[in-house]
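Peer 1: Quick one: this structure, given as structure tokens, is what I'll be asking you about.
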Amino acid sequence: MSIARATTGVTLLRVARRIGGKPHEGRLAAGSLVLPCAIGRSGVARDKREGDGATPAGRWRLLYFYLRRPCPMRLPWRLARPDDIWCDDAGSFLYNRPLRAPSRLGHEEIWRGDGLYHVVGVMDYNIVPRVRGRGSAIFFHIATDDLGPTAGCVALRARDMARLLPRLARGATIYVE
């Protein structure tokens, strides 16, 4: 007699451009769940550069999440604060790191008014080692309702993100093809 083990959640999210679609139109597969997603306006790149609008190809761990309000999930998270920012200033030694505002350095604000960063998963792209100019603030976040292009992130509609988050296991990775 075999004993069925309870699944511990989805560990791999596969992201690929939608066949026949625009460069920023993608599909995210998480187990049996397949969802439309947005990627960078330039599509996927194997040689990512700061400001190129491309989503970097490769396998990236989801390190932790910034959330505007708590939600059920297995991955590490913390509540976002109005002074949370992310340095995207390639000339700074603080490049591609979380910071607190105010800052004179170029940065991305985590606390945005448009709802796109109500859920922000930090992907481990260009984290260890950090290479200045290779791309920063590559996140997994909420998309616009029309799945408009991102600056290089992977994004899902809010309702799809809400469906996916409770299914993710610790150590989940995003594989961008």
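The values are calculated or read from the model by the stated rules, or taken from the named source; none is laboratory data. The structure displayed is predicted, hence computed values, not measured ones. Note that we place each Cβ from the backbone using ideal geometry, even for glycine, and neighbour counts take in every protein chain shown. Surface accessibility is based on the protein's heavy atoms, side chains included, excluding ligands, DNA and RNA. Shrake-Rupley method; radii C 1.70, N 1.55, O 1.52, S 1.80 Å.
Peer 1: Taking 25 °C and 0.890 mPa s as the conditions, I'd like the Stokes-Einstein D for the stretch 78-177 in µm²/s, using the Kirkwood hydrodynamic radius from alpha carbon pairs.
Peer 2: 170
Peer 1: While we're here: Write out the trypsin sites (Lys or Arg not before Pro) in the stretch 39-75 meeting two conditions: DSSP loop, and at most 11 other Cβ atoms within 10 Å of their Cβ.
Peer 2: ARG46
Peer 1: Given C-alpha coordinates of the stretch 17-73, what is the ratio Rg to Rh with the Kirkwood estimate of Rh?
Peer 2: 1.03
Peer 1: Please report, as a whole percent, how much of the solvent-accessible surface of the stretch 1-110 comes from carbon and sulfur atoms (probe radius 1.4 Å).
Peer 2: 53
Peer 1: Okay, moving on. Taking every pair of Cα atoms in the stretch 27-146, average 1/r, invert it to obtain the Kirkwood radius, and report Rg/Rh to two decimals.
Peer 2: Over the Cα atoms of the stretch 27-146, Rg/Rh equals 0.95.
Peer 1: A follow-up question, please. Running a GNM on the chain with Cα contacts under 10 Å, which residue among ASP83, ASP146, ASP52 ends up with the highest mean-square fluctuation?
Peer 2: Taking springs between Cα atoms under 10 Å, the residue moving most is ASP146.
Peer 1: Another question about this same structure. In terms of modelled amide H atoms, which long-range or inter-chain residues lie less than 5 Å from the amide H of GLY152?
Peer 2: GLY40, ARG41
Peer 1: Averaged per residue, what accessible surface does the stretch 118-177 expose to a 1.4 Å probe, in Å²?
Peer 2: 39
Peer 1: Counting helices only, and only those DSSP H runs with n ≥ 4, report the 222 nm mean residue ellipticity of the chain as the sum of -39,500 (n - 2.57) divided by its residues, in deg cm²/dmol to the nearest 500.
Peer 2: Estimated from H runs of four or more residues: -1000 deg cm²/dmol.
Peer 1: Here's a follow-up. For the stretch 90-139, what Kirkwood radius comes out of the mean inverse Cα-Cα distance, in Å?
Peer 2: Every distinct Cα pair counted, the radius reaches 11.9 Å.
Peer 1: How many nm separate the modelled label positions at ARG170 and ARG49, each set 7 Å beyond the Cα in the direction of the Cβ?
Peer 2: Result: 4.1 nm between the two label points.
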